[in-house]
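Student: Encoded as structure tokens, here's the structure I'll be asking about.
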Amino acid sequence: MKKVGIIMGSDSDLPVAEKAVAVLKEFEIPYEVHVYSAHRTPDEAREFALNAEENGFGVIISIAGMAAHLGGVIAASTTLPVIGVPCKSSVLDGMDALLSTVMMPSGIPVATVAIGGGANAALLAAEMLALSDGELSQKLKAKRESDKKKVLEKDRSVQEKLL
């Protein structure tokens, strides 16, 4: 199975990365996590992206706040899918990061999830990998069914309590 690369712009993004890692572990998807800044370590970020495919990666998750250029820097250097996760900061509540991540120029796409959406980024990465992995596809379907059952159980509990 291909690996998922998780690149954080700063170690302050670690709580969001941990959410992604938890999902990847749940589905037994191999991953690596690195801190590479688009602005402070641009050569390392670009080098990772340039070599990602030959190093066994299938998807890259980019986690960054504030200017959040990391996803674009990574995407400009690879044709692998890049999923951007904007992070909340003390300024603008993460809207700056969201807009910086989602507003990519034509030709360099970065799929973007919600501010702080590390878990959804990992689920999206898993769905991408599942296109060529039947076992992973079945695991994702089982999770959806399990999630559905949990919601229906909550519905029954609320109905019993309030009726």
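Student: Which of the residues spanning region 63-88 are surrounded by fewer than 23 Cβ atoms within 10 Å (Cβ to Cβ) and at pLDDT below 95?
Tutor: Met66, Ala67, His69, Lys88
Student: Would you confirm, using the coordinates I've provided, whether Lys25 is touching a residue at least 40 places away in the same chain (Cβ under 8 Å), surrounded by fewer than 21 Cβ atoms within 10 Å (Cβ to Cβ) and in a helix (DSSP H, G or I)?
Tutor: Criteria not met by Lys25.
Student: Pick out the one residue from Ala68, Ala122, Ala114 that is assigned to a helix (DSSP H, G or I) and small (Gly, Ala, Ser).
Tutor: Ala122
Student: To continue, here is another question. Tell me the residue from Leu124, Leu131 that is in contact with a strand residue (DSSP E or B) (Cβ under 9 Å, 6 or more places away or on another chain), open to solvent by 20 Å² or more (accessible area, probe 1.4 Å) and modelled with pLDDT of 95 or more, please.
Tutor: Matching residue, one of Leu124, Leu131: Leu124.
Student: Pairs under 9 Å by beta carbon, first residue at positive phi and in contact (Cβ under 8 Å) with a residue 40 or more places away in the chain in region 104-130, partner outside any loop (DSSP other than H, G, I, E, B) and basic (Lys, Arg), six or more apart or different chains?
Tutor: Once the first residue is at positive phi and in contact (Cβ under 8 Å) with a residue 40 or more places away in the chain and sits in region 104-130, its partners that are outside any loop (DSSP other than H, G, I, E, B) and basic (Lys, Arg) give Gly116/Lys19.
Student: Looking at region 72-103, which of its residues are touching a residue at least 40 places away in the same chain (Cβ under 8 Å) and part of a strand (DSSP E or B)?
Tutor: The answer is Ile83, Val85, Cys87.
Student: If you go through region 145-158 one residue at a time, do you hit one that is in a loop (DSSP other than H, G, I, E, B), open to solvent by 80 Å² or more (accessible area, probe 1.4 Å), out of contact with any helix residue (DSSP H, G or I) (no Cβ under 6 Å at 6 or more places or on another chain) and at pLDDT 95 or above?
Tutor: For region 145-158, residues in a loop (DSSP other than H, G, I, E, B), open to solvent by 80 Å² or more (accessible area, probe 1.4 Å), out of contact with any helix residue (DSSP H, G or I) (no Cβ under 6 Å at 6 or more places or on another chain) and at pLDDT 95 or above: absent.
Student: Could you grab me the full set of residues in region 89-115 that are small (Gly, Ala, Ser) and open to solvent by less than 20 Å² (accessible area, probe 1.4 Å)?
Tutor: Gly94, Ala97, listed by residue number.
The values are calculated or read from the model by the stated rules, or taken from the named source; none is laboratory data. Values in this document were obtained by computation on a predicted structure and should not be read as measured data. We place every Cβ from the backbone using ideal geometry, glycine too, and count neighbours over all the protein chains shown. Note: accessible area is taken over every heavy atom of the protein model, side chains too, but ligands, DNA and RNA are not part of it. Shrake-Rupley method; radii C 1.70, N 1.55, O 1.52, S 1.80 Å.
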